[in-house]
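Here is the structure we will look at, set down as structure tokens.
The values are calculated or read from the model by the stated rules, or taken from the named source; none is laboratory data. If you're wondering where the values come from, they're calculated on a predicted model, not measured in any experiment. Cβ: placed from backbone, ideal geometry, glycine included. Neighbour counts: every protein chain shown.
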Amino acid sequence: MSGHGAGGPAAGILLAFAAFAAFSFSDASVKLIDGGLPPYESAFFGAVFGLAALPFLMRPDDRWGDILRTSNRRMWLLRFVAYPIGVMGSVTAFTHLSMAEAFALIFLQPAFVTIMSILILKEKVGLRRWAAVLIGFIGVLIVLRPGFRELSIGHLGALLAGLGGAIAVVTFRAAPVGEKHISLYGAGVLGAVILCGLIMIPGFRMPSLEQWVWLAGYGLLAALANVLLMHAAFRAPAAYVAPAQYSQMLWALLLGYLVFGDSIDAIMLLGTACIIASGILTLLRERQRGTPLPPAIGNLPPEG
């Protein structure tokens, strides 16, 4: 979207913070299921509830068929497959890790974006962006402390979530000018509904009433977050919107402590600080170079 809507950048920034708060509460909802459902089943129902965002994301000239319409089918299919992998990874991470640790590893996404931009988009990456990647990976090593603690499937899930998000960024950048956002968003959600639904069929478990509540919270809050993020992107440049995603770490610490009884040690805080610094350095460097900023961690790429 070009231009800024009513309220200007300040309103856009506030909406961005509200969007990432909603994403954080969405993640807390799926964590409250506590592994009672397989991750692919949670991802499926989350995506089904997430379809509620589609009418609000459509522009006046959009049609429902535009979800399937694209000028780059290969990238559309890549997003179709990558999104459910990322979501299943995210559910696995929040199930087995503290919220703060899961977010710390998922926030490695900008480093993955840099690497994939070289391999897929053939971008030239300078020393500063490589330094940001290195800082991010050092942060991951500090958080994981390999050899000093047992690693779990949750750590793998978090890395897959970050990788899935990075693929979403790259497909956004590779999308031709004029590609409809309803197609970009719909590809991922449809992928989660169809692929996770197929995986779910053989061992389907009927959720309990309580699990239905958390699944609805998971999907509907994420849908709300995407709508808020769209309006934030309409009112403020991406350079202002994208950094707001790191407020999720504050929510992770707060919700982790108040709801899940998580304890955070100084070493994890140090590693998290390195990963966040890596992401912010990447955003600042790409803004200086005029590179389209990566969409904030969520489902809908904001526009500058």
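What pairs can you find where one residue is in the range 247-274 and without any contact (Cβ under 8 Å) to a residue 12 or more places away in the chain, the other is among the hydrophobic types (A, V, I, L, M, F, W, C) and surrounded by 16 or more Cβ atoms within 10 Å (Cβ to Cβ), and their Cβ atoms are less than 8 Å apart, with a gap of 6+ or different chains? Filtered contacts from the range 247-274: 257/264.
So which of 285, 205, 235 is farther than 14 Å from residue 100 by Cβ, in contact with a Pro (Cβ under 8 Å, 6 or more places away or on another chain) and at pLDDT below 90? Result of the check over 285, 205, 235: 235. When we screen 228, 269 for residues that are assigned to a helix (DSSP H, G or I), of a type in the set (A, V, I, L, M) and over 30 Å from residue 186 (Cβ atoms), the only hit is 269.
If you go through the range 27-82 and keep only what is closer than 21 Å to residue 234 by Cβ and hydrophobic (A, V, I, L, M, F, W, C), you end up with 52, 53, 54, 56, 57, 58, 67.
Yes or no, residue by residue, for (1) more than 18 Å from the chain's Cα centre (by Cα); (2) over 24 Å from residue 8 (Cα atoms); (3) aliphatic (A, V, I, L, M); (4) not in a helix (DSSP H, G or I):
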| position | (1), (2), (3), (4) |
| --- | --- |
| 186 | no, yes, no, no |
| 206 | yes, yes, yes, yes |
| 251 | no, yes, no, no |
| 254 | yes, yes, yes, no |
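Residues that are closer than 22 Å to residue 256 by Cβ, without any contact (Cβ under 8 Å) to a residue 12 or more places away in the chain and among the basic types (Lys, Arg) within the range 98-155 comprise just one, 149. When 9, 84 are checked against the criterion of being more than 26 Å from residue 257 (Cβ to Cβ) and over 20 Å from the mean Cα position of the chain (by Cα), 9 stands alone in meeting it. When the range 160-178 is filtered for residues that are surrounded by fewer than 20 Cβ atoms within 10 Å (Cβ to Cβ) and assigned to a loop (DSSP other than H, G, I, E, B), the ones remaining, listed by number, are 176, 177, 178. Answer yes if at least one residue in the range 208-215 is of a type in the set (Asp, Glu), more than 18 Å from the chain's Cα centre (by Cα) and at pLDDT below 80, and no otherwise. Checked against the condition, which is being of a type in the set (Asp, Glu), more than 18 Å from the chain's Cα centre (by Cα) and at pLDDT below 80, the range 208-215 yields no hits at all.
For every residue, the table says whether it meets (1) at positive phi; (2) part of a loop (DSSP other than H, G, I, E, B); (3) acidic (Asp, Glu); (4) surrounded by fewer than 22 Cβ atoms within 10 Å (Cβ to Cβ).
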site: 102; (1), (2), (3), (4): no, no, no, no
site: 113; (1), (2), (3), (4): no, no, no, no
site: 125; (1), (2), (3), (4): no, yes, no, yes
site: 131; (1), (2), (3), (4): no, no, no, yes
site: 140; (1), (2), (3), (4): no, no, no, no
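Would you tally the residues in the range 77-97 being surrounded by fewer than 24 Cβ atoms within 10 Å (Cβ to Cβ) and either aromatic (Phe, Trp, Tyr) or within 12 Å of residue 165 (Cβ to Cβ) (or both)? Total meeting the criteria: 3. In the range 204-240, which residue that is without any contact (Cβ under 8 Å) to a residue 12 or more places away in the chain and of a type in the set (A, V, I, L, M) is surrounded by the fewest Cβ atoms within 10 Å (Cβ to Cβ)? Across the range 204-240, the extreme among qualifying residues is 209.
Within the range 240-264, being modelled with pLDDT under 80, of a type outside the set (A, V, I, L, M) and out of contact with any Gly (no Cβ under 7 Å at 6 or more places or on another chain) holds for one residue alone: 243.
So that you can scan it fast, the table gives a plain yes or no per residue for (1) at pLDDT below 90; (2) touching a Ser or Thr at 6+ places or on another chain (Cβ under 7 Å); (3) part of a helix (DSSP H, G or I); (4) farther than 16 Å from residue 94 by Cβ:
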{"site": "13", "(1), (2), (3), (4)": "yes, no, yes, yes"}
{"site": "17", "(1), (2), (3), (4)": "no, yes, yes, yes"}
{"site": "26", "(1), (2), (3), (4)": "no, no, yes, no"}
{"site": "30", "(1), (2), (3), (4)": "no, yes, yes, no"}
{"site": "36", "(1), (2), (3), (4)": "no, no, no, no"}
{"site": "40", "(1), (2), (3), (4)": "no, no, yes, no"}
{"site": "54", "(1), (2), (3), (4)": "yes, no, yes, yes"}
